[in-house]
1. If I filter the stretch 128-135 for residues that are modelled with pLDDT of 95 or more, surrounded by fewer than 20 Cβ atoms within 10 Å (Cβ to Cβ) and of a type in the set (Ser, Thr, Tyr), do I get at least one hit?
2. Out of (1) over 29 Å from residue 220 (Cα atoms); (2) free of Cβ contacts under 8 Å to residues at least 60 places away in the same chain; (3) not small (Gly, Ala, Ser), what's the single condition that is false for residue 137?
3. Within the stretch 202-209, identify whether any single residue is charged (D, E, K, R) and more than 30 Å from residue 281 (Cβ to Cβ), and answer yes or no.
4. Considering only the stretch 234-243, I want to know if a residue exists there that is part of a helix (DSSP H, G or I), more than 14 Å from the chain's Cα centre (by Cα) and closer than 19 Å to residue 220 by Cβ.
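The values are calculated or read from the model by the stated rules, or taken from the named source; none is laboratory data. Please read all numbers here as calculations on a predicted model, not as lab measurements. Glycine also receives a Cβ, built like all others from the backbone with ideal geometry; neighbour counts cover every protein chain displayed.
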Amino acid sequence: METIEITAATLNEAVEKAAAALGVSADEVHATVVEETKGLFGRGQVRVRAEAKAAKPAKAKPAAKRKASEPEAEPPVEAEAEDPAEALAGAPAEAPKKRGGRTKKVDAEPAAAAVATLERPEGEDEAVEATAEDADQLVGLLAEILEAADLNVDATVSEVKGKYVNVQLRGHDTSYLVGRRGEVLNALQYYMNVVSARQLGHGIRVVVDGDDYRNRRAETLTKRAQDIAAAVLDRGEEAVLEALPAFERRIVHQAISEIDGVTTYSEGEEPNRRVVIAPAE
């Protein structure tokens with residue numbers, strides 16, 4: 001069965017193009033969205049993988065008629081499927097919210113600061129307090145990683161507050177550990193929190209920053225969100241931002257919450273979840 005990839009402005013347009021290329025009608029095309037890119041004010045494109053649908057399977061033979069003397073069999077009871085969302089550890093960070101007749105999800109817990117907070121796993125005590133010993137152990141493990149990678153970077157504890165150990169990276173090679181839009185830094189932070197959970201095991205969280213990147217990124221996101229909000233107010237149309245990690249979406253939500261006439265909500269699934277800035281109703 002031939003499979004092709006098509007890029008178009010909308011899903012319907014992509015299906016029509018695929019149908020023409022495969023020589024079948026549109027209703028005979030099975031399309032799977034590979035990537036969807038949204039721009040401001042709804043402009044974007046979608047890339048789909050398409051193939052012609054397989055022929056319908058032959059109809060099953062009708063079941064033999066039950067004799068009048070035979071009792072009717074009880075239908076099997078199927079176990080209700082577990083909701084994957086409920087199976088995740090910890091309370092969800094994003095709760096559904098109704099707006100304009102549409103079900104939307106909003107990011108809970110807007111950020112009051114520019115640090116990258118993580119969701120609390122189930123059973124974790126909110127009263128957990130990181131100690132100086134915890135901080136020393138974690139920064140020591142991170143230093144071993146940096147040394148093994150032969151990077152000219154020093155890791156130091158900048159603050160211990162509540163359950164959070166804030167680590168600052170500085171040195172000639174720090175830019176390699178920040179990456180494009182903090183992608184490498186976020187991955188390193190995720191790894192360190194996995195290590196913390198395994199070795200400390202009592203809810204201590206690590207926030208990894210490099211050359212004060214997170215504060216600078218927060219300022220950039222706030223300014224961009226404010227500029228887009230001004231355009232939304234002027235045009236009266238929703239604007240969809242690029243996909244952002246949860247803690248950066250919270251920065252946008254916080255920035256917009258201080259502007260009259262606009263509101264925000266999040267849509268999509270991780271890792272492609274986006275903030276939408278919309279006129280307030």
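1. Taking every residue of the stretch 128-135 in turn, none turns out to be modelled with pLDDT of 95 or more, surrounded by fewer than 20 Cβ atoms within 10 Å (Cβ to Cβ) and of a type in the set (Ser, Thr, Tyr).
2. It fails just one condition, (2).
3. Yes, that holds for at least one residue.
4. Quick first cut of the stretch 234-243, residues part of a helix (DSSP H, G or I) only: 234-235.
Now restrict to residues that are more than 14 Å from the chain's Cα centre (by Cα): 234-235.
Cutting the leftovers down to closer than 19 Å to residue 220 by Cβ gives us none.
No, the stretch 234-243 has no match at all.
Rundown of residues vs (1) outside the structural domain of residue 243 (by TED's automatic domain parsing); (2) at pLDDT below 95; (3) surrounded by 15 or more Cβ atoms within 10 Å (Cβ to Cβ); (4) assigned to a strand (DSSP E or B), yes/no style:
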| position | (1), (2), (3), (4) |
| --- | --- |
| 137 | yes, yes, yes, no |
| 167 | yes, no, yes, yes |
| 187 | yes, yes, no, no |
| 194 | yes, yes, no, no |
| 197 | yes, yes, yes, no |
| 201 | yes, yes, no, no |
